Every structure is written in C-alpha cells, then in structure tokens.
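What follows is one structure encoded as structure tokens, with my remarks underneath.
Derivation of every value follows stated rules applied to the coordinates shown; laboratory data play no part. Remember, predicted model here, so these are calculated numbers, not experimental data. Positions of Cβ are backbone-derived with ideal geometry, glycine not excepted, and every protein chain shown enters the neighbour counts.
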Amino acid sequence: QVQLVESGGGLVQAGGSLKLSCTASGSIFSINDMGWYRQAPGKQRELVASISATGGSTNYADSVKGRFTISRDSAKKTVSLQMNSLKPEDTAVYYCNAYLRLQKGPPGEYWGQGTQVTVSS
C-alpha cells in the first residue's frame, strides 16, 4: 500500500509560521517530482510549490514566493514546506503530491489526504 501522509497543519495567527511534512511509504522504487498544492473553500486546487527529484530545482506560486520554502530528504522519502509570514488568504487544505515509480506496477501521481491550515487575522 503506497501512501503519502502529511502532518504539521493547524491554526496560526497572521504573521506566524508553520511547517508541513509529508512522508511517502510503501513499495516505492524512486520518487520524481514532489510538491504541495492547496485548496481553499470554493476554489480550485492550486500548486503552491514543487521540487525536482534531485532537489536542485524548485518552483513557487507567485503568492508564496519569499515566504514559503520547499525542501526534500530523498533518503527519508519526505518533502517539507516551511511557511512563514502566513496570511489569512493562505488558509486552505494543503495536499502533498508526488510522482512515484513503484517496485511493481506502473508509475503514477499520488496524493496525500490533506492537512488543514488556518490563518486567523
């Protein structure tokens, strides 16, 4: 059973910080790109940040540039999102995403169950 499990969400005041983590487990051969998406009520899911397989390339939504930092630990199969200077508009359910190559079966895109981030004003 391959799964992505997120942790670290919660309630924080505007200007505060949170760190999200996501760990992949199961019969995984390798992990390509990993990323974080978010979905606010009534809105479409959007990319927040992504990181390449080697960690050498990152990509951020304009709305979070300079405030959020994505990182990964390939040995631990984890991806993290450090979120600083949080704003009420960052409130959303945050989802971990990864493209996995499995030991058996076809490769594919996997999602975590989501973790709620709420920023109060």
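Miscellaneous remarks
- Dipole moment magnitude, nearest 20 debye, segment 13-121 about Cα centre, only Lys, Arg, Asp, Glu C-beta charged: 200
- 3J(HN,Hα) couplings calculated from phi for segment 48-55 with the Karplus curve 6.51 cos²θ - 1.76 cosθ + 1.60 (θ = phi - 60°) are, in sequence order, 9, 7, 9, 9, 6, 4, 8, x Hz; Gly and Pro show x.
- Sparse-neighbourhood loop sites, trypsin sites (Lys or Arg not before Pro) in segment 1-55 - DSSP loop, at most 13 other Cβ within 10 angstrom: K43
- Distance-filtered residues of segment 77-121 - backbone nitrogen under 14 Å, label point 7 angstrom along L47 Cα→Cβ: 97-99
- For segment 47-76, applying the loop criterion from DSSP together with a ceiling of 16 other beta carbons within 10 Å to the trypsin sites (Lys or Arg not before Pro) yields K65, R67, K76.
- Value of Rg to Rh for the chain (Rh from inverse mean 1/r over Cα pairs, i.e. Kirkwood): 0.98
- E89/T69 FRET efficiency (R0 22 Å; Cβ-Cβ; nearest 0.05): 0.75
- Taking segment 102-121 and a reference point 7 angstrom along Cα→Cβ of S27, the backbone N atoms nearer than 20 Å belong to 102-111.
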